[in-house]
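A.B. asks: Quick one: structure below, then a few questions.
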Amino acid sequence: MKSPEQFPTFSVIVCTLNRADALAECLATIVKSAGTLPSGAVELVVVDNGSTDHTRAVVQEIAASAPIDVRLHRENRKGLSHARNTGMSAARGKCLVFTDDDCRLSQNYFDDLLRYCKDGKMDAIRGGKVVLGDLEDAAITIRTETISKLYEKTLAPGGFIQGCNMVIPCEMAKKIGAFDTRLGAGSPLHAAEDTDYIVRAHLLGIPVEYVPEMTVTHLHGRRKREAVLAITQNYQIGNGALYMKYLFKAPWLLKHFLWSVRN
């Protein structure tokens, strides 16, 4: 049995905005999954991006009873990228684990994650499987492939790994830098902040890998055609901005841009 010092420490970052009830369920699954590791191996950082509901009370209640460290931070600048950057700054672990407030971590999430840690370290950015939490929801914003895959130029970066299930070693995050606040939910460009991070990592020679473990369940609640079209449009706007950003730095992305336009 490893001692606590031999385990990597994971900082789970959850950004939220007016989803207190969903957040409560999300945090409960994180606490439960963290229970498979020694004390101190997991911390939970919640970033409130300007909620007006009972989000604070939910986090305080979880923090009072959870066997892991739970901290709440407020980020009043609107946008997921601003919130994620605040979470990164507040994190104290060796690895950053990003998930969303409408997601649920599997009970074995951290056990699965540890398979990719050698000598207390991870050697790549990784994202795991994202499955539907309600089969009546549209089959979007998920990834269910059963084979591991490293990112390469021939692959479209959008959705290669999902921002709601993304693990970044802190040493790599320092090299890549903060999320681009011009991108992401709540920004004028709506999306693609996680895709941008993948591209930046790849340009720095940092491996990015999809793995079929580390499962997260996504309860996005989009069922009607209008809701699906709206989020698809947002993704296309974000991806279009992303491709323009890298027009000269990564011209190989132009091929994926043309495919997006065709779609």
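The values are calculated or read from the model by the stated rules, or taken from the named source; none is laboratory data. Please read all numbers here as calculations on a predicted model, not as lab measurements. Neighbour counts run over all protein chains shown; Cβ positions are idealised from the backbone, glycine included. Surface areas here come from the heavy atoms of the whole protein model, side chains and all, with no ligands, DNA or RNA. Shrake-Rupley method; radii C 1.70, N 1.55, O 1.52, S 1.80 Å.
A.B. asks: Leaving ligands, DNA and RNA out of it, report the carbon-plus-sulfur percent of the accessible area of the range 97-255 at a 1.4 Å probe. All intermediate terms of the calculation are to be shown ahead of the outcome.
C.D. replies: On the way: 4030 of 7380 Å².
Solvent-exposed carbon and sulfur of the range 97-255 make up 55 percent of the total.
A.B. asks: Which value, in debye to the nearest 20, gives the size of the charge dipole of the range 1-86 about its Cα centre, when Lys and Arg are +1 and Asp and Glu are -1 at the Cβ?
C.D. replies: So the dipole magnitude of the range 1-86 works out to roughly 240 debye.
A.B. asks: For the chain, what does the accessible surface come to per residue with a 1.4 Å probe? Please give it in Å².
C.D. replies: 48 Å²
A.B. asks: Which peptide among 192-200, 59-67, 132-140 comes first, and what is the full order, when sorted by highest mean count of other Cβ atoms within 10 Å?
C.D. replies: Details: 192-200: 25.2, 59-67: 15.0, 132-140: 13.2.
Result, highest mean first: 192-200, 59-67, 132-140.
A.B. asks: In deg cm²/dmol, rounded to 500, what helix-only [θ] at 222 nm does the chain give when every DSSP H run of at least 4 residues adds -39500 (n - 2.57) and the total is split over its residues?
C.D. replies: Result for the chain, helices only: -10500 deg cm²/dmol.
A.B. asks: For the range 31-189, what is the relative contact order in percent, using Cα pairs closer than 8 Å and at least 6 residues apart in sequence?
C.D. replies: Reported as a whole number, the value is 28 percent.
A.B. asks: If you don't mind, there's one more thing I want to ask. Residue by residue through the range 35-49, which ³J(HN,Hα) values in whole Hz follow from phi under the Karplus form 6.51 cos²θ - 1.76 cosθ + 1.60 (θ = phi - 60°), with glycine and proline marked x?
C.D. replies: x, 7, 10, x, 4, x, 7, 10, 10, 10, 10, 9, 10, 8, 8
A.B. asks: Can you tell me the orientation of helix 253-262 relative to the chain, as the angle in degrees between its alpha-carbon axis and the longest Cα principal axis, to the nearest 10?
C.D. replies: 80 degrees
A.B. asks: Over the chain, what is the percentage of antiparallel beta bridges among all DSSP beta bridges, to the nearest 5?
C.D. replies: Details: 14 of 39 bridges.
Looking only at bridges with both residues in the chain, the antiparallel portion is about 35 percent.
A.B. asks: Further question on the same structure: Roughly how big is the range 80-133's charge dipole about its Cα centre, with Cβ charges of +1 (Lys, Arg) and -1 (Asp, Glu), in debye to the nearest 20?
C.D. replies: I would put it at about 200 debye.
A.B. asks: Give me log10 I(q)/I(0) at q = 0.13, 0.17 Å⁻¹ for the chain, Debye formula, one equal scatterer per alpha-carbon, no solvent.
C.D. replies: -0.82, -1.47
A.B. asks: Any idea what the relative contact order of the range 117-229 is, in percent, if you count C-alpha pairs under 8 Å spaced at least 6 apart?
C.D. replies: 44 percent
A.B. asks: Please check: in the Gaussian network model of the chain (C-alpha springs, under 10 Å), which one of CYS15, CYS170, CYS117 has the largest mean-square fluctuation.
C.D. replies: Fluctuation is largest for CYS117.
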